[in-house]
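Asker: What follows is a single structure, and I will ask about it in a moment.
The values are calculated or read from the model by the stated rules, or taken from the named source; none is laboratory data. As the structure is a computational prediction, the values presented were derived from the model and not from experiment. Don't worry about glycine lacking a Cβ; one is built from the backbone with ideal geometry, like all the others, and counts go over all protein chains shown.
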Amino acid sequence: MGKFQLNLRRQSIVLVSLVMVVMLSLTIFRLTEAVELSAVNVAFRVRGPLKPASPVVIVAIDDNTFDINGLQWPWPRTYFAQIVDRLKAGGAQLIAFDVFFFEPEALGQPATYTVQGDTLSSIAARVYGDPNAWPRILAANAGQIRNPNLIEPGETLVLPAR
């Protein structure tokens with residue numbers, strides 16, 4: 001009976017060591033990362049959306065932001081306008097920037113602006129004060145707009161100077 005207990009103890013140690021080596025290898029080589037991320041995604045979908053704990057949301061500009069958008073400082077004013085549009089579309093009541101706009105915009109380059117779910121006439125009314133100025137925008141974009149009655153996601157508009 002003593003030999004059987006010793007053999008079982010050895011097998012247990014070998015089995016535990018083998019499992020530890022396999023788990024450590026999977027972790028070091030990130031072989032379980034995709035499974036883990038998929039499990040987290042499923043958990044969030046099952047849980048569903050949560051209301052924010054506070055009505056105040058801070059959108060920070062940090063090193064990750066520069067990595068994601070690929071822009072260098074100073075950002076174009078149109079990029080800030082896109083941020084404002086997206087925050088408003090998400091239900092923002094008040095938007096404030098803690099950013100200094102010391103550097104002037106580069107002159108001579110047309111402003112580009114991405115608008116989602118808007119029409120050329122409403123953009124013309126907002127930018128030029130005249131909803132009938134939409135043909136100017138259409139002409140400046142030289143056939144890049146598929147439907148002037150509804151700007152589609154991913155379309156970029158060039159707005160001609162006033």
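Asker: Name the residues in the range 93-104 that are among the charged types (D, E, K, R) and in contact (Cβ under 8 Å) with a residue 24 or more places away in the chain, would you?
Answerer: Going residue by residue through the range 93-104, those that are among the charged types (D, E, K, R) are 98, 103.
Within the range 93-104, just Glu103 meets the criteria.
Asker: Listed residues Ile61, Ile28, Ile68; which is surrounded by fewer than 10 Cβ atoms within 10 Å (Cβ to Cβ) and under 20 Å from Gly90 (Cβ atoms)?
Answerer: Details: Ile61 fails: surrounded by fewer than 10 Cβ atoms within 10 Å (Cβ to Cβ); Ile28 fails: under 20 Å from Gly90 (Cβ atoms).
Answer to the selection: Ile68.
Asker: In the range 82-122, how many are in contact with a Lys or Arg (Cβ under 8 Å, 6 or more places away or on another chain) and modelled with pLDDT of 80 or more?
Answerer: 1
Asker: Among the residues of the range 129-148, which ones are under 30 Å from the mean Cα position of the chain (by Cα) and within 14 Å of Pro160 (Cα to Cα)? If you could, list the steps in order and put the result at the bottom.
Answerer: We begin by selecting, within the range 129-148, every residue under 30 Å from the mean Cα position of the chain (by Cα); these are 134, 137-138, 140-148.
Once the filter is applied, which keeps residues that are under 30 Å from the mean Cα position of the chain (by Cα) and within 14 Å of Pro160 (Cα to Cα), the range 129-148 yields Trp134, Ile137, Leu138, Ala140, Asn141, Ala142.
Asker: Check whether at least one residue in the range 74-92 is touching a residue at least 24 places away in the same chain (Cβ under 8 Å), over 18 Å from the mean Cα position of the chain (by Cα), closer than 28 Å to Asp118 by Cβ and in a loop (DSSP other than H, G, I, E, B), and report yes or no.
Answerer: Checking the range 74-92: at least one residue is touching a residue at least 24 places away in the same chain (Cβ under 8 Å), over 18 Å from the mean Cα position of the chain (by Cα), closer than 28 Å to Asp118 by Cβ and in a loop (DSSP other than H, G, I, E, B).
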